[in-house]
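Below: the structure, in structure tokens.
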Amino acid sequence: MKVRQNLYIDREISDALEALASGPTANKSRLVNDALADWLSRQGTKKIDDLFKLRLDRLSRDIALVRRDLEVVLESLALFVRYQLLVTAPLPEADTAALAVGLERFEKFVGQVSRQLGSGRRTFGAVHEPEQGS
């Protein structure tokens, strides 16, 4: 069912509408109806887009911080490994006792890392808790 409306619009818009409706199949009512329906449908999606934009901006900032922290960790580890390899003499392969001690220490290290990560405790620095309401 169609409802008749009496609307007042600016002269420029009226002239533009008249020009659009000048074709043989064009209809001013249909043009105004479609334009208004399109505008109304975009109003609901705009609110959702605004909410998503805020959340995506927050996530982008968080990812940038994580990326920066990861670069610091990787650079620190690379420098440590490089230094360790430069100053530590390799063990002779015949020294099985020293190799066994090294393997045992490595297994203890991996176990300790696993326990620390599993418990949520950290040796260096605090884990940043997410902000409330994010």
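Tabulated data
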item: Tally, over region 74-88, of residues that are within 31 Å of the chain's Cα centre (by Cα) and over 14 Å from F124 (Cβ atoms); result: 4
item: Condition met for V73 (open to solvent by 70 Å² or more (accessible area, probe 1.4 Å), under 30 Å from G102 (Cα atoms) and without any contact (Cβ under 8 Å) to a residue 40 or more places away in the chain); result: yes
item: Residue selected from region 15-56 under the condition open to solvent by 70 Å² or more (accessible area, probe 1.4 Å) and of a type in the set (A, V, I, L, M), by the criterion farthest from K2 (Cα to Cα); result: L56
item: The listed residue being free of Cβ contacts under 8 Å to residues at least 40 places away in the same chain and touching a helix residue (DSSP H, G or I) at 6+ places or on another chain (Cβ under 7 Å), out of K28, K47, K53; result: K28
item: R58, sole failed condition from (1) closer than 30 Å to D10 by Cβ; (2) touching a residue at least 12 places away in the same chain (Cβ under 8 Å); result: (1)
item: Test result for I48, more than 30 Å from I9 (Cβ to Cβ), under 20 Å from the mean Cα position of the chain (by Cα) and part of a helix (DSSP H, G or I); result: no
item: Subset of region 103-134 that is more than 26 Å from the chain's Cα centre (by Cα) and among the aliphatic types (A, V, I, L, M) - its residue that is modelled with the lowest pLDDT; result: V113
item: Checking L59 against (1) over 22 Å from F124 (Cβ atoms); (2) among the hydrophobic types (A, V, I, L, M, F, W, C); (3) modelled with pLDDT under 90; (4) surrounded by 10 or more Cβ atoms within 10 Å (Cβ to Cβ), the condition it does not meet; result: (3)
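The values are calculated or read from the model by the stated rules, or taken from the named source; none is laboratory data. Please read all numbers here as calculations on a predicted model, not as lab measurements. All Cβ positions, glycine included, derive from the backbone under ideal geometry; neighbour counts span all protein chains shown. Accessible surface areas use protein heavy atoms only, side chains included; no ligands, DNA or RNA. Shrake-Rupley method; radii C 1.70, N 1.55, O 1.52, S 1.80 Å.
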